Amino acid sequence: MKYLTLLFWCTVYIVLFIYLQYASEFHFYFLEQNQLFQWSWPYLSEKLAMPGGFSFLLSEGLLQFFILPYAGAGIMAGLLTGIGAGTYFILCRIAPRVPWLFISLLPAIGLLFVFFNFNFHLQGTVSYLLILPVIYGIIGISGLRYRLIAEGLSVLLVWFLAGPVFVLTGAVFLLYELLKRDPGFYWSLLLGVEILLIGLLSVWYSVWGELNFAFLPDGYFNSRLKPDAIIYGSWVALAGLILLSCVFRNKDWCSGKRVWFGLGAQLLIIGGVLYGGLPKYRDAKSDKLKKLDYYSRTGQWDEILEDCKGSMTNYLYMCYTNMALAQKGQLGDRMFSYDQRGVPGLIVNWNQTMSISVLLSDLFYTMGDVASAQRMAFEAGVGEIGEGNPRMLKRLVETNLIYGAYPVAEKYIAILENTPQYKTWASGQRKFLYNEEAVNQDPVLGFKRRGLPVRNTLIQMDGVLNDLYSLAESYPENRAPIEYAGAIYLLGKDLPEFGKMVEKYYGTPVLPVLPLSFQEAVIILWEGKPEEWERFGISQPLKERFASYKSQILANKGNTSALPGLMRRSFGDTYWYYYMFK
Amino acid sequence: MKYIFSFLFICLLMGCSVSIPEGTPLRETPEIFPDYAGVTIPYNIAPLNFRLKAFDREAIAVLSLGDKMLKVKGKKGEFTWSPSAWRSFLEAARGKSLQLTIYINENGWKQYQPISIRVAEEPVDGYLAYRLIEPGYELWNRMGIYQRELATYTQSAIIENKMTDDNCMNCHSFCMQDPEQMLFHMRQTHPATMLLREGKIEKLNTKTDQTMSYLVYPSWHPSGRYVAFSVNETRQAFHVNHANRVEVYDLMSDVVVYDTEKHEIVSSGLLKSRDVFETFPTFSPDGRTLYFCSADGRLMPEDFENVHYSLCSISFDPDTRTFGNQVDTLYNARELGKSVSFPRVSPDGRFLLYTLSGYGNFSIWHKDADLYMIDLSTGTHSPADAWNSDDVDSYHSWSSNSRWVVFSSRRIDGLYTRPYIGYIGTDGRLEKPFLLPQKDSRFYDRLMKSYNIPEFITGKVKANAREIALKAKKDKGVDLQYVK
C-alpha cells in the first residue's frame, strides 16, 4: 500500500509537471518578473522580521527560478503535489480506514486554479504547504492538553512565519477538536479567541491594512484588486475535508466494494471539478500575450513574427509584431505583411498596469526614445505587485548608463548583484560605469546614446510625432523613429500629413530612400501624378504591381462582397489593401 | 562550572576590547560613507555608523575626546558603534570636537589622518517625520508617512497606504514641530485632508466651488488655528534629454488660508490673482506675515522654462482673518532671473531659508536647486554654501530651537532624495551637514524609496493609524466653505 501511495503521488507530480509545462510555460516566465529576491542578509532579515516574511522569502526564492525552462513547472508541480500529499496524510491520520487518495487533491486543485491568476502571490501556495506538516504533527499528539498547547503555539508561529494562513490552521484545529470531542474539548474554543485576537491586533497595529487581508487568503492577493471567490476554494476544501474525515473517522471504507465505490466517487468529483474549473480559470486567452512578452524580453524577434502571422484581433499582438519588425529594421517595408488595424497597434495606450508599462518600455527602447523607456520601466517597477521587477531594473541600468547617470546605475547594479539570477549580467555592466568610452563603443548603449535628442523638450508636449521627428533628426542612423512616424500616418490613413512628412524628409539623411510601404502610400497619395512617383524613386516593379492592383479592382468592382477577399489574396500585404479595405 | 563561566566572561571581555595598533601615519584622511568628515552633529543623534569606501579588510576606528576614547573594530570595512557607549560619549562631548582616527591593516597597520566631528551644544528635535515613496513618476505602490527617533534608528509608521486602500498620501505638516498637531492629504481613494489635533482626528473635504483644487501645500499658523495652503492645478511631464528627468508645473495656482475652528477658507485678491501663480505659503513665527512664492502666469507647458517665482510676503491679522493691502517682494525673480520655492522661517524668526533654482517651482527635480538663506534682521540673502551640493538640495524644515535644518538632497546618486541635517549658529554660520545615520551603512544603497518632506517634530506622533484610516474611510468628512 505504501508503495502504491508513493506511486500515486509520483504520478500526480509527473502529470502536473507535464500539464503545467504544456499549459503554462510562458505564464511561469511572466510570473518571474514579480520578484526581486536578494540573497543578502539585510534583505533577508528585513523580510524575516515581518509576519509572513518567512513564506514570502521562500516564495520569492522559488519564483526567481521560474525564468529557467522547466523550472516553473517542476517547482509548481512539487508544491501542488506536496499540498495534495500533505492533505492526504492528515486525512489518513484522522480517518485511517478511508481511501482518501483522489479527494485529497481538492485543495491543490483550488490552488492550481488561482495559480493561473498572476495577481495571486505564490506565497499563498507556499504558506499553505507549510501548514500541512504542522497540522499533521499536532493532530497526532494524543493528550488533549498538550495538543491544545501545541495548537495554540503553532497558530501564533504560523501567523509569524506564513501570514494569514494562520486562520486556516487555527480553523482546522478548532474543527478537529470540536468534532473529536475529547473530554475538555471546549477549551479549544480558545483557539477561536486566539485567531480573532491575532487578526484584530494585526490590523490595529497596521501589520495588515484591512481585516480581509488578516483573516482571509486575500492577504496573498494583489491588494488593489478584489479576488474571485475561487481564491477561497483551497481553504474551504481543507476545512471541508477535515470535517469529512472527522465524520468518517471510525468508518472502514478500505475493504470490499466500498474502496472502489469511494475511490470512484472521489475520481468523479475531482474530474468534475477539473472539467468545470480548468477552462474557467486557466486564462488561456492570455497565453499568446505572455509568449510574445517572453520573446520580446529575450529578443526573439523572428519568433514573434512567426507567431503573429495571419489574422490578429488584439492591438497588443500588433504592437509586438511592429516592434519586432522595427527591431529588424523592416517596419516600413513589411508592416502590411502582418495584420494591421490602426494606430493602437503601433503604440498601445498606457493603462498604468505593470504589463503594459513593460511593453511600452520595450517599445520606446526600440524606437530609441530612452526617456520614455526609462519612465515606463520605472512605472512598471513601481506598479509591480511584488518587491520589484528585475527585468525593468535592468532597463533602468541601461537607460541610466545611456544618460551617463552613473551613480544611480551603480545603485541598481548593486541591487541586481544581490539576485542570484541577474548577478552575472549586473556585474557585466560595471565596465560601463564612469566610462564614457565603453558606453559609446557598446553597440546598443552607444547607439541609443547617439540617438538622444539634441534639443530637449518635454515628452509629447507637441505630440508623439514631433518627438519621433526629433529622435530621427538627432540620429538618422536610427531608422525606427521615422518609420514609426510614417507608420502612424499610414495606419491612421492620414495621407496628407504623410505627404508632408515625406516631402520634408525624403532625400535627407533621415529618409534617404522610402521603405516599401511608404512607396505604396506615395503611389496612392499622388495617384494621378506619376511624375511625383519618379521624384520619390518608386521602383518599376511596384508601379507594375499597382497597375495590376488597379486592374483587378476595376475588373471586380461589381462584386463588392467578394472583392476584399479577392484582393487580400493577391494584395493583402500592401498598403493599398489596408487603405481601401480595413 | 564557575571556572567555565569565568573563562567565558574573560573571553568575552577580551573579545570586546580593541587595542589600538601602532600604525604608520598616512598623509590623507580616509574616504568614508557617509561623509562625516568635518560635520557638526547634535549630541542626541544615533551613532554615526559608516564604512570605508575602498577597504574591506581589518580596520579599527577610534573616536577620541581628550583622553577619552571609543573604539570599534571594522567588519569588512564597516563600523558599528555601541549605542550606549556612543550616547554617553556624545553627552560628554557637547560643544567640543571629536577626532575620528581610522587604522587599516594593509601589509601592516597604517593610520589615516584624523577626521574632526563637532558636537553642538544644542540638541536636535527628537523625531523626524517623512514620507517614503519611489522617486518617480506617476504611479505609486506602497507608501507611508513615517517617524524616525533621531537618538536611535527606530522608525515607525504614522500611517501607511495599505491601511487606506493603497491611496496616495502626502504633504504632512506639523504646527511648530508639534507632533500633536498634524495634517496630511489623501488623494485618489478617500480624498481628504486628515487633521490630527488634541487627540482628535478630523476629515476635511477641501474642494470648494471657489477654489481650483483641493488644498495642497500647507503651512500652519503658529497659533494652530489657521493653516495656509496653496491650491494648484498641477501637471507633470518628462524631459526628452535632460538631467532633471521630470518637470512638475502648475497651470494655475492661488494661496488661501483655512480656519480650523470655523471650517472656512479665506483669501485675498492679492493671493488669488488670475494672471499670477501664487504658491508655497508659509507663516512667520509671530503669525503676522504670510510669505509665498509668486510668478507671472505663462502659457504652460510650452513656457515652462520661463516661469520664475519671486519670494513675496503679505501681512496677516489672525484676529480678523484679514490680509494687508500690499505685497512686499523679498526676492524679485523678474530682476534676478531665478526662481524661489519652499520659503521657511526659523522658529526664532531670525532666518528665512528657501530653495533657488533656474525656473519653476518644483525644485526637487532641478539639479541646480540650492538652498539660500535670508537674515531677516538685515535682509541679506546668501547661498547656504556649507549645505549645498552639485546636485539637488531642496525641501527643508527647521528644528524647534532654530539651530538645525533638515533638507532633502539628491547628492548621493542623483535620484533618491536623502535627508541631511545641518547646523546653523546663532550668528547665521552654517556648518557641514550630515546624512541621517542608519544602523547599516549600506542602508541607503539598497533603499529604493526617497525621503520626501522631512520635517522635525519634538516628539512622537501617537495617533493610531487604524483610527485615522477608519476615519478616512468611513467618515463623511467636513465640507469647507470659502468665505469672501
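The values are calculated or read from the model by the stated rules, or taken from the named source; none is laboratory data. Every value quoted in this text rests on a predicted model; they were computed, and no experiment measured them. Here the Cβ is made from the backbone with ideal geometry for all residues, glycine too, and neighbour counts use every protein chain on show.
Among what's in segment B:154-169 and is more than 26 Å from B:P437 (Cβ to Cβ), crowded, with 18+ Cβ neighbours inside 10 Å and in contact (Cβ under 8 Å) with a residue 40 or more places away in the chain, pick the residue that is nearest to the other protein chains (Cβ to nearest Cβ). Among those that are more than 26 Å from B:P437 (Cβ to Cβ), crowded, with 18+ Cβ neighbours inside 10 Å and in contact (Cβ under 8 Å) with a residue 40 or more places away in the chain, it is B:M163. Among the residues of segment B:405-451, those that are more than 14 Å from chain A (Cβ to nearest Cβ) and in a loop (DSSP other than H, G, I, E, B) comprise B:G425, B:T426, B:D427, B:G428, B:R429, B:L436, B:P437.
Does A:I75 qualify as being within 30 Å of A:W260 (Cβ to Cβ) and either part of a helix (DSSP H, G or I) or basic (K, R) (or both)? No, not satisfied. Taking the criterion of being within 13 Å of chain A (Cβ to nearest Cβ) and of a type in the set (V, I, T), the only residue of segment B:134-153 that qualifies is B:I145.
Of the residues making up segment A:524-579, those that are part of a helix (DSSP H, G or I), among the charged types (D, E, K, R) and over 23 Å from A:G342 (Cα atoms) are A:E531, A:E532, A:E534, A:R535, A:K543, A:E544, A:R545, A:K550. Filter segment A:202-243 down to the residues that are within 26 Å of the chain's Cα centre (by Cα) and among the acidic types (D, E), then identify the one that is nearest to the other protein chains (Cβ to nearest Cβ). Checking each candidate, the answer is A:D218.
With respect to the stated conditions, B:L98 is part of a strand (DSSP E or B), free of Cβ contacts under 8 Å to residues at least 40 places away in the same chain and more than 14 Å from every other protein chain (Cβ to nearest Cβ). Selection within segment A:453-469: residues that are at pLDDT 85 or above and either out of contact with any helix residue (DSSP H, G or I) (no Cβ under 9 Å at 6 or more places or on another chain) or assigned to a helix (DSSP H, G or I) (or both). The member of this set that is farthest from the other protein chains (Cβ to nearest Cβ) is A:L465. In segment A:167-180 there is at least one residue matching the filter, namely being of a type outside the set (V, I, T), surrounded by 22 or more Cβ atoms within 10 Å (Cβ to Cβ) and within 25 Å of A:E60 (Cα to Cα). Against the test of being touching a Phe, Trp or Tyr at 6+ places or on another chain (Cβ under 9 Å), without any contact (Cβ under 8 Å) to a residue 60 or more places away in the chain and surrounded by fewer than 19 Cβ atoms within 10 Å (Cβ to Cβ), the options B:P191, B:P218 yield a single qualifying residue, B:P191.
Among the conditions (1) modelled with pLDDT of 95 or more; (2) within 11 Å of chain B (Cβ to nearest Cβ), A:T353 misses just one, which is (1). Residues that are of a type in the set (A, V, I, L, M, F, W, C), within 29 Å of A:A171 (Cβ to Cβ) and in contact (Cβ under 8 Å) with a residue 12 or more places away in the chain within segment A:245-272 comprise A:C246, A:V247, A:F248, A:W253, A:C254, A:L263, A:L267, A:I269, A:I270, listed in sequence order. Each residue in segment B:362-394 was checked for being of a type in the set (V, I, T) and part of a helix (DSSP H, G or I), and 1 of them qualify.
Looking at segment A:374-399, which of its residues are part of a helix (DSSP H, G or I), in contact (Cβ under 8 Å) with a residue 24 or more places away in the chain and within 11 Å of chain B (Cβ to nearest Cβ)?
Scanning segment A:374-399 gives A:Q374, A:R375, A:M376, A:E379, A:A380, A:G383, A:L393, A:T399.
Just to be sure I understand, how many residues within segment B:256-286 are part of a strand (DSSP E or B), in contact with a Leu (Cβ under 8 Å, 6 or more places away or on another chain) and buried (at least 17 other Cβ atoms within 10 Å of the Cβ)?
The initial filter retains those residues of segment B:256-286 that are part of a strand (DSSP E or B), namely B:256-259, B:264-266, B:276-283.
Then drop every residue that is not in contact with a Leu (Cβ under 8 Å, 6 or more places away or on another chain), which leaves B:256-258, B:264-265, B:278, B:281-283.
Filter once more, keeping what is buried (at least 17 other Cβ atoms within 10 Å of the Cβ): B:256-258, B:265, B:278, B:281-283.
The qualifying residues number 8.
For segment A:137-158, does any single residue satisfy the condition of being crowded, with 22+ Cβ neighbours inside 10 Å, within 32 Å of the chain's Cα centre (by Cα) and either under 25 Å from A:G52 (Cβ atoms) or modelled with pLDDT of 95 or more (or both)? Yes, some residue in segment A:137-158 is crowded, with 22+ Cβ neighbours inside 10 Å, within 32 Å of the chain's Cα centre (by Cα) and either under 25 Å from A:G52 (Cβ atoms) or modelled with pLDDT of 95 or more (or both). Could we say that B:S253 is part of a loop (DSSP other than H, G, I, E, B) and either within 20 Å of the chain's Cα centre (by Cα) or touching a residue at least 12 places away in the same chain (Cβ under 8 Å) (or both) here? Spelling it out, it is not the case that B:S253 is part of a loop (DSSP other than H, G, I, E, B) and either within 20 Å of the chain's Cα centre (by Cα) or touching a residue at least 12 places away in the same chain (Cβ under 8 Å) (or both). Of all residues in segment A:26-53, those that are crowded, with 21+ Cβ neighbours inside 10 Å and either part of a helix (DSSP H, G or I) or hydroxyl-bearing (S, T, Y) (or both) total 6.
For A:Y275, the test of being free of Cβ contacts under 8 Å to residues at least 60 places away in the same chain and under 27 Å from A:K448 (Cα atoms) is failed.
Residue check: B:F456 meets all listed conditions (1) over 17 Å from B:Y146 (Cα atoms); (2) not in a loop (DSSP other than H, G, I, E, B) but one, namely (1). Among the residues making up segment A:305-335, a single one is under 20 Å from A:Q33 (Cα atoms) and either surrounded by fewer than 17 Cβ atoms within 10 Å (Cβ to Cβ) or not hydroxyl-bearing (S, T, Y) (or both): A:L316. Quick check on segment A:121-136: of everything there that is more than 12 Å from A:G82 (Cβ to Cβ) and of a type in the set (A, V, I, L, M, F, W, C), which residue is surrounded by the most Cβ atoms within 10 Å (Cβ to Cβ)? Residue satisfying both the conditions and the ranking: A:L122. Note on segment B:238-265: residues that are among the acidic types (D, E) and either within 14 Å of another protein chain (Cβ to nearest Cβ) or closer than 30 Å to A:A405 by Cα (or both) total 2.
In segment B:351-361, is there at least one residue being away from every other protein chain (no Cβ under 14 Å), in contact with an Asp or Glu (Cβ under 8 Å, 6 or more places away or on another chain) and in a loop (DSSP other than H, G, I, E, B)?
Within segment B:351-361, one or more residues are away from every other protein chain (no Cβ under 14 Å), in contact with an Asp or Glu (Cβ under 8 Å, 6 or more places away or on another chain) and in a loop (DSSP other than H, G, I, E, B).
Checking the structure you have, find out if any residue of segment A:537-559 is of a type in the set (V, I, T) and modelled with pLDDT of 95 or more. Within segment A:537-559 (the criterion being of a type in the set (V, I, T) and modelled with pLDDT of 95 or more), the answer is no, since none of the residues qualifies. Residues of segment B:395-404 that are in a strand (DSSP E or B), of a type in the set (S, T, Y) and more than 12 Å from B:S341 (Cβ to Cβ): B:S397 alone. Scoring B:S382 on the criteria (1) farther than 29 Å from B:Y249 by Cβ; (2) at pLDDT 95 or above leaves a single failure, condition (1). Of the residues examined, A:S427 is not one that is part of a helix (DSSP H, G or I) and within 13 Å of chain B (Cβ to nearest Cβ).
In the list A:A414, A:A438, which residue meets the criterion of being surrounded by fewer than 20 Cβ atoms within 10 Å (Cβ to Cβ), modelled with pLDDT of 95 or more and away from chain B (no Cβ under 13 Å)? Step through it out loud before you land on a result.
On the way: A:A414 fails: away from chain B (no Cβ under 13 Å).
Unique residue meeting the criteria: A:A438.
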